[in-house]
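K.L.:
This structure is in structure tokens; I'll ask about it shortly.
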Amino acid sequence: MIKYETKEWNKMIIYRYDAFSNVPNKGNPAGVVFDANTLSEAKMQAIAKVIGFNETAFILNSEVADIKVRFFTPGHEMNFCGHGTIATIAALKTKGFLQDKKTLDIETKAGILPIKIDSNEEGEIVVSSKLAPAEFLSFTGDIDALSKAMGIEKDEIDTDLPIMYGSAGIWTLLVPIKKLETFSKMKPVNSSFPDILTDRPRASVHPFCLETFDPKSGMHGRHFSSPFSGTKEDAVTGTASGLMAAYYAKYIKCSDHISIEIEQGQEIGKDGRVKLDVDFKDGIYQIVMSGTAIYVSELEVCI
């Protein structure tokens with residue numbers, strides 16, 4: 001287990017890492033807070049709100065894993081965060097806490113998840129994390145209202161594929177879209193989501209399609225946040241990308257194994273990539289998410 005010295009803080013240093021990219025200010029920014037053992041839940045929430053990123057990760061000691069990580073949006077705590085996990089492990093590695101360690105387990109509210117640390121041909125840190133097994137639930141709501149909430153026409157939704165709620169630790173609504181060009185004109189009305197997503201009113205909305213900007217990518221997506229989170233759009237999402245990959249394996253390719261790269265963030269200038277491996281074993285879709293992260297800056301918050 002990785003232990004931190006317990007301290008009382010008046011000022012906190014938050015390390016910003018951009019996940020799913022090797023270029024600063026691309027991908028998805030996350031705040032990472034070391035030595036969070038003395039912070040109350042209210043202080044963690046307050047820090048996340050001040051920082052304003054889609055998620056801020058707080059690292060604590062764990063009695064059952066190498067570390068414990070808690071994730072907060074500006075509005076509430078999340079059970080798990082994909083890009084926050086990539087950022088957290090990259091921060092621990094680059095700051096020297098992990099030394100030559102290649103594997104570790106992290107305790108989250110979504111369970112204890114195994115982590116693998118590797119490097120690519122460019123020598124960049126690549127973090128892989130197993131996600132919670134994929135779950136799917138049919139959407140029974142109003143498709144007309146859903147399309148209006150995304151700012152698109154109903155006939156731009158690909159109804160040849162199912163609209164599904166999915167969870168790999170966090171619930172989102174997967175919405176298949178016919179054309180890539182539709183994504184650039186989406187203008188979500190996030191406040192209307194809970195009234196439309198009656199089966200999972202706190203879920204986010206994740207439109208996707210099979211057309212991509214990068215020919216090496218297999219799917220393209222955007223991610224519109226639940227209004228409860230305090231943010232509007234998540235630039236590049238790990239858990240939702242994992243669900244997209246599981247959806248692809250189950251409903252499109254009908255395969256027991258796929259490896260796929262998913263792109264996201266191009267419409268908002270945050271071009272990022274998530275690599276996924278999905279295996280169907282023992283009746284469940286098991287997902288492994290992989291990506292890079294790059295250090296950007298330090299932020300100071302008084303608490």
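K.L.:
Tell me, yes or no, whether region 76-85 has at least one residue that is among the polar types (S, T, N, Q), surrounded by fewer than 20 Cβ atoms within 10 Å (Cβ to Cβ) and more than 15 Å from Thr239 (Cα to Cα).
P.N.:
no
K.L.:
Of all residues in region 194-228, count the ones that are among the aliphatic types (A, V, I, L, M) and assigned to a helix (DSSP H, G or I).
P.N.:
Total satisfying the criteria: 1.
K.L.:
Can you tell me which residues in region 226-242 are surrounded by fewer than 24 Cβ atoms within 10 Å (Cβ to Cβ) and of a type in the set (Asp, Glu)?
P.N.:
Glu233
K.L.:
If you don't mind, another one. Test each condition in (1) touching a strand residue (DSSP E or B) at 6+ places or on another chain (Cβ under 9 Å); (2) surrounded by fewer than 20 Cβ atoms within 10 Å (Cβ to Cβ); (3) closer than 23 Å to Thr292 by Cα; (4) not hydroxyl-bearing (Ser, Thr, Tyr) for Gly169 and report the one that comes out false.
P.N.:
Among (1) touching a strand residue (DSSP E or B) at 6+ places or on another chain (Cβ under 9 Å); (2) surrounded by fewer than 20 Cβ atoms within 10 Å (Cβ to Cβ); (3) closer than 23 Å to Thr292 by Cα; (4) not hydroxyl-bearing (Ser, Thr, Tyr), the lone unmet condition for Gly169 is (2).
K.L.:
Give region 19-44 a look and list any residue that's within 18 Å of the chain's Cα centre (by Cα) and either over 29 Å from Arg273 (Cβ atoms) or surrounded by 15 or more Cβ atoms within 10 Å (Cβ to Cβ) (or both), or say none.
P.N.:
Ala19, Phe20, Ser21, Asn22, Lys26, Gly27, Asn28, Pro29, Ala30, Gly31, Val32, Val33
K.L.:
Go through (1) surrounded by fewer than 19 Cβ atoms within 10 Å (Cβ to Cβ); (2) assigned to a strand (DSSP E or B) for Ser191 and report which single condition fails.
P.N.:
Going through (1) surrounded by fewer than 19 Cβ atoms within 10 Å (Cβ to Cβ); (2) assigned to a strand (DSSP E or B) one by one, Ser191 breaks only (2).
K.L.:
Grab the helices (runs of 4 or more DSSP H) fully contained in region 39-158, keeping just those with 1 or more residues being among the hydrophobic types (A, V, I, L, M, F, W, C) and outside the structural domain of Asp282 (by TED's automatic domain parsing).
P.N.:
41-51, 82-94
K.L.:
Report, by residue number, each residue of region 119-139 that is at pLDDT below 95 and surrounded by fewer than 16 Cβ atoms within 10 Å (Cβ to Cβ).
P.N.:
Listed by number, the residues that qualify are Ser119, Asn120, Glu121, Glu122, Gly123, Glu124.
K.L.:
While we're looking at this one, here's another question. Lys250 is checked against (1) surrounded by fewer than 17 Cβ atoms within 10 Å (Cβ to Cβ); (2) in a helix (DSSP H, G or I); (3) of a type in the set (Lys, Arg) and fails just one. What number does that condition carry?
P.N.:
With respect to (1) surrounded by fewer than 17 Cβ atoms within 10 Å (Cβ to Cβ); (2) in a helix (DSSP H, G or I); (3) of a type in the set (Lys, Arg), Lys250 is out only on (1).
K.L.:
Related question: From the list Thr88, Thr172, Thr140, exactly one residue is over 24 Å from Lys270 (Cβ atoms) and either touching a helix residue (DSSP H, G or I) at 6+ places or on another chain (Cβ under 6 Å) or hydroxyl-bearing (Ser, Thr, Tyr) (or both). Which is it?
P.N.:
Of Thr88, Thr172, Thr140, the one residue that is over 24 Å from Lys270 (Cβ atoms) and either touching a helix residue (DSSP H, G or I) at 6+ places or on another chain (Cβ under 6 Å) or hydroxyl-bearing (Ser, Thr, Tyr) (or both) is Thr140.
K.L.:
Which of the residues that make up region 286-303 are closer than 13 Å to Ser259 by Cα and surrounded by 24 or more Cβ atoms within 10 Å (Cβ to Cβ)?
P.N.:
Ile287, Met289
The values are calculated or read from the model by the stated rules, or taken from the named source; none is laboratory data. Keep in mind it's a predicted model, so treat the numbers as computed, not measured. For neighbour counting, all protein chains shown are included, and Cβ atoms are generated from backbone atoms with ideal geometry for every residue, glycine included.
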